[in-house]
1. Using a Cα-Cα cut-off of under 26 Å, which lysines could be cross-linked to residue 81, ignoring same-chain neighbours fewer than 8 residues away?
2. Checking the a/c ratio against 1.5 first, then a/b against b/c, what shape does the Cα gyration tensor give for the stretch 11-53?
3. What do you get for the angle between helix 76-105 and the principal long axis of the chain? Use alpha-carbon atoms, 0 to 90 degrees, nearest ten.
4. Report, in degrees rounded to the nearest 10, the 0 to 90 angle that the Cα long axis of helix 59-71 makes with the longest principal axis of the chain.
5. Using a/c under 1.5 as the rounded threshold, could you call the chain rounded, prolate or oblate? The axes a ≥ b ≥ c are square roots of the C-alpha gyration tensor eigenvalues, and prolate needs a/b larger than b/c, oblate otherwise.
Amino acid sequence: MPATPKERDRMERKIINVSKKRQITIPLKFYNKLGLENEVECSLENGAIVIRPVYRDNSEFSVEILKDLVYQGYSGDELIKKFKEQNKNIKSAVGKILEEADEITSGKKKSATFEDIFETED
């Protein structure tokens, strides 16, 4: 839903340049305030470009990662360091899976068949 004129007056706004390559730089204040990382969601809504943070919920993996690291003997700062590394790997893997799914749904890539996955013996 678009903002009313009164709401727009209360919003933080900044005019930014668009490069010849159609690129923009997100103001640092906005970047930090939203906790942005490597990706944002960009959409067209009511004649406006809307950029939103992408938050991926990896909590279902977090417990399993922590259990495994504790089992391996990590604790304290070393546990935190290893957890961040493993969590980053999960985010990267999930990102690749999502990219592949997008390629398959757009027809850019062929999906595996049942036979490809479950090779049947004659």
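1. 33, 67, 91, 96
2. The shape class here is rounded.
3. 80
4. 50
5. Values: a/c = 2.82, a/b = 1.38, b/c = 2.05.
Because a/c hits 1.5 or more and a/b fails to exceed b/c, the chain counts as oblate.
We did not get these values from a lab; they are worked out from the coordinates using the rules stated. Predicted model only: the values in this text are computed from it and were never measured.
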